[in-house]
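This report concerns only the one structure given below.
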Amino acid sequence: MKHEFPVTLTTNPGTKPESKGLRFGTVFTDHMFVMEYNEEKGWHDGRIVPYGPIELDPAACCLHYGQEMFEGLKAYKTADGRVQLFRPYMNAKRTNRTNDRLCIPEIDEDLFVDAIKALVKVEQDWIPSGEGTSLYIRPFIFATEPFLGVRRATEYKFMIILSPVGPYFVNGLQPTKMYVEDVYTRAAKGGTGEAKCAGNYGGSLKAQEIAHEKGFEQILWLDAKEHKYIEEIGSANAFFVIGDEVVTSPLNGSILPGITRDSIIALCKEKGIKVSERQISIDDLEAAYRNGELKEMFASGTAAIVSPVGELLYKGEKMVINNNEIGPVAQEMYNTIYGIQTGKIEDFMNWTVPVE
Ligand code: PLP
Ligand code: COI
């Protein structure tokens, strides 16, 4: 590691949860990483301290104008006790693309990854080992300068917190139900859809609540202009198996360039499965469903891993996909990705990075 950080250990360690029944994002570990930025010193004073509340000036820019970004990745423990991360430099690169979009100062990729490694190393006993579990890593940056004018802030905090997690979708590998949203939109071209910033999620809650009330776990978003083309899911990218082809929406500026999405495309190519990134309209999807060509749908994301979708509702019409069962492509992608992450499968893609 190029960077080292001082550690202040907690005097009040928490109780580690059982792997069984672990939900997503409700339990936090004993320590967190904190680092500040100002114009004079740049990013400085990175440190690991006991997990706890932070003090923030009520005029801090992030509270008023949403200059905030976050990332998500996971740490895993292999059966022989190694601790590893999955493609963390992809998160570092995406952080800097998001930072650029939100006028947040760039962060050195090695500094970003070393901070994650250092914190995970301190907290490695919190990594759960049950099927589908992992230690979720949440790096985030927010503007702390007390100032009410609208311009880029001059002061920021970078923090990392950790959470032992189970499946993101309540049903895990049981297919989930999705609502195709045709009133609200998530992101428009030229907006912040391809950045990982808080505002994208705050703005999606209303539609998500309506979908929940109707009995759907997640939303499938359509494009903002015509409500015609499939974009992505509220917290994951969307994949379809149509005929013998695996299809996902192209990176068009309004969807998040998912690291799991990139991994699935690469795995399909490696395994000789036909895969394409192309625009699909919801009408074409319905037509494929009606003529029996729509074989599978699944969500891909760090939190979601690979989660099958068994039911879609669009304008009152229900599409039941693969008899509401996980299909062979989703199962293979889940087995391979989670297998590589947890060391059950040899890392033939060279994706894992050890925490030593
Ligand atoms: N799309 C959205 C809106 C997300 O929040 C996420 C989760 O991070 C993804 C896609 C999947 O991205 P990744 O695979 O990098 O986690
Ligand atoms: C992730 O998959 O890492 C996410 O950020 C999704 C969600 C929890 C917002």
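Where only protein heavy atoms count, and the probe is 1.4 Å, what is the accessible area per residue for region 49-177 in Å²? All intermediate terms of the calculation are to be shown ahead of the outcome.
Numbers: 5200 Å² over 129 residues.
Spelled out: the 1.4 Å probe surface of region 49-177, per residue, equals 40 Å².
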Can you compute 3J(HN,Hα) from phi for each residue in region 139-147, using the Karplus curve 6.51 cos²θ - 1.76 cosθ + 1.60 with θ = phi - 60°, rounded to whole Hz and x for Gly and Pro?
x, 8, 10, 9, 7, 10, 4, x, 6
Proximal lysines to residue 196, defined as alpha-carbon separation beneath 20 angstrom and excluding residues fewer than eight positions away on the same chain
74, 93, 157, 206
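Considering only the other residues whose Cβ falls under 11 Å of the Cβ of residue 98, what net charge follows from Lys and Arg at +1 and Asp and Glu at -1?
Neighbour charge sum, excluding residue 98 itself: 0.
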To the nearest 10 degrees, how steeply does helix 259-271 sit against the main Cα axis of the chain, on a 0 to 90 scale?
50 degrees
Can you compute the FRET efficiency between residue 227 and residue 26 using 1/(1 + (r/R0)^6), with r the Cβ-Cβ distance and R0 = 22 Å? Round to the nearest 0.05.
0.05
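Net charge around residue 348, counting only other residues with Cβ within less than 11 Å of its Cβ (Lys, Arg = +1; Asp, Glu = -1)? Intermediate results must be reported in sequence, preceding the final value.
On the way: positive: 271; negative: 270, 346, 347.
Charge balance in the 11 Å sphere: -2.
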1/(1 + (r/R0)^6) with r = Cβ-Cβ of residue 183 and residue 51, R0 = 35 Å, i.e. FRET efficiency to nearest 0.05, evaluates to 0.30
To the nearest 10 degrees, the tilt of helix 88-102 (Cα long axis) against the first principal axis of the alpha carbons of the chain is 90 degrees
Residues whose modelled amide H sits under 5 Å from the amide H of residue 275, counting only those 5 or more places away in sequence or on another chain, are 246
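Loop only by DSSP, 13 or fewer other Cβ within 10 Å of the Cβ. Give me the GluC sites (Glu not before Pro) in region 169-241 that pass, ordered by residue number.
Working: sites: 181, 194, 209, 213, 217, 226, 231, 232; in loops: 194, 217, 226.
Within region 169-241, the qualifying GluC sites (Glu not before Pro) (loop, at most 13 other Cβ atoms within 10 Å) are 226.
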A correct Karplus calculation of ³J(HN,Hα) over region 232-246, with 6.51 cos²θ - 1.76 cosθ + 1.60, θ = phi - 60°, whole Hz and x for Gly and Pro, returns 7, 9, x, 9, 6, 8, 10, 10, 10, 10, 10, x, 9, 10, 8
Can you grab the distance from the C-alpha centre of region 111-157 to the C-alpha centre of region 306-356, Å, no decimals?
26 Å
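Give the shape of region 125-165 as rounded, prolate or oblate, defined through the alpha-carbon gyration tensor: a ≥ b ≥ c are the square roots of its eigenvalues, a/c under 1.5 means rounded, and otherwise the shape is prolate if a/b is larger than b/c and oblate if not.
Details: a/c = 6.42, a/b = 4.22, b/c = 1.52.
In terms of gyration-tensor shape, prolate.
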Can you tell me the 0 to 90 degree angle between the C-alpha axis of helix 328-342 and the longest principal axis of the chain, rounded to 10?
20 degrees
Counting Lys +1, Arg +1, Asp -1, Glu -1, what net charge surrounds residue 26 among other residues with beta carbon under 15 Å of its beta carbon?
+3
Give the aspartates and glutamates reachable from residue 318 as a straight Cα distance under 17 Å; neighbours fewer than 8 places away on the same chain don't count.
181, 182, 213, 217, 283, 284, 286, 293, 296
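With the full set of protein chains in place, find how many percent of the accessible area of the chain is carbon and sulfur; take the probe as 1.4 Å.
Numbers: 7610 of 15790 Å².
Looking at the chain in its full context, I get 48 percent from C and S.
The values are calculated or read from the model by the stated rules, or taken from the named source; none is laboratory data. The structure presented is a predicted model; accordingly, all values stated were derived computationally and were not measured. With ideal geometry, Cβ positions are generated from the backbone for all residues, glycine too; neighbour counts draw on all protein chains shown. Note: accessible area is taken over every heavy atom of the protein model, side chains too, but ligands, DNA and RNA are not part of it. Shrake-Rupley method; radii C 1.70, N 1.55, O 1.52, S 1.80 Å.
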